[in-house]
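Visitor: Below is a structure I'd like to ask you about.
Any read-out appearing in this document is the output of simple, stated calculations on the displayed coordinates, not a laboratory observation. Just so it is clear, the structure is predicted and the values come from calculations on it, not from any experiment. We place every Cβ from the backbone using ideal geometry, glycine too, and count neighbours over all the protein chains shown.
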Amino acid sequence: MKKGKLVIVSGPSGSGKSTVTKIVKDRLNIPLSISATTRQPRVGEVDGKDYYFLTTEEFENKIKNDEFYEYANVHGNYYGTLKKVVEDNLDKGLNVILEIDVQGALIAKEKKKDAVLVFFKTENMEILENRLRNRKTDSEEVIKTRLENALKELEYQPKYDYTIINVDIEKSCEKLINIINE
């Protein structure tokens, strides 16, 4: 049986990567691997659907037991992808989308050389800041941290196979679908 393709999507908070990957996942019936995190759930987020919400102790135990495909500390919280979820789907011949930070993406690419890296960004930092503020989900301190981190994340763009400048959700979805189907 042919193995599935691993597509890794990253980019700064507010770049639209989550919105696009959810739409593409639904259209192509591709599993979006659910990440584990130690951050607190946002309003409406469900454990086991949006993320696996873990305590720091639980997360660190999984690190010790080598249960993560990749993990990183981002914005002061751990985020990681559980190995078993990714490997089971790829072995079934299913494509898998990982929506993870740039640190995790490079670690995953190192482990799986044929993974396809896709970087999402906005046209400029002003648009990114407006998107973060318009979400109304984060404090001013968190927004500032995300903007500072965005500048660092943008430095990783050249290491990615593709870049999608997310101006229009529908066009960005089409671009991601084309990358997956190549």
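Visitor: To the nearest Å, what is the center-to-center distance of the stretch 116-143 and the stretch 1-66, using C-alpha atoms only?
Guide: Cα centroid to Cα centroid, the span is 18 Å.
Visitor: A further question on this structure: Report, in debye and to the nearest 20, how large the dipole of the stretch 1-115 comes out about its Cα centre when Lys and Arg carry +1 and Asp and Glu carry -1 on their Cβ.
Guide: 540 debye
Visitor: Expected output is a single nm value to one decimal: the length gained when fully extending between THR19 and GLU45, i.e. 0.36 nm times separation in residues minus the C-alpha distance. What is it?
Guide: 7.9 nm
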